[in-house]
Amino acid sequence: MEQTWIALALITDVGFPVAVTFYLLHRVETKLDTLIESILELPEKMQAN
């Protein structure tokens, strides 16, 4: 019975930070994709001016 409580405590202690980490990594990846696209478009925009 004690192992069940230890496993439950481990899941609650580790599971939440892991979920938050994956969420934040997904958001950062999206923003990095936007930044890369902007950097790749920059030479075209500079030539247009």
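Any read-out appearing in this document is the output of simple, stated calculations on the displayed coordinates, not a laboratory observation. Bear in mind that the values here come from a model prediction, so they are computed numbers and not experimental data.
Could you give the length gained on full extension between L8 and Y23, defined as 0.36 nm per residue of separation minus the Cα-Cα distance, in nm?
3.2 nm
For helix 2-48, report the angle its Cα long axis makes with the longest principal axis of the Cα atoms of the chain; keep it between 0 and 90° and round to the nearest 10°.
0 degrees
When the helices in the chain are scored as -39500 (n - 2.57) per DSSP H run of 4 or longer and the sum is shared across all residues, what 222 nm value do you end up with, to the nearest 500 deg cm²/dmol?
Roughly -36000 deg cm²/dmol at 222 nm, from the helical runs in the chain.
Tell me the Rg and the Dmax, in Å, that the Cα atoms of the chain produce.
Spelled out, the Cα radius of gyration and Dmax of the chain are 21.4, 72 Å.
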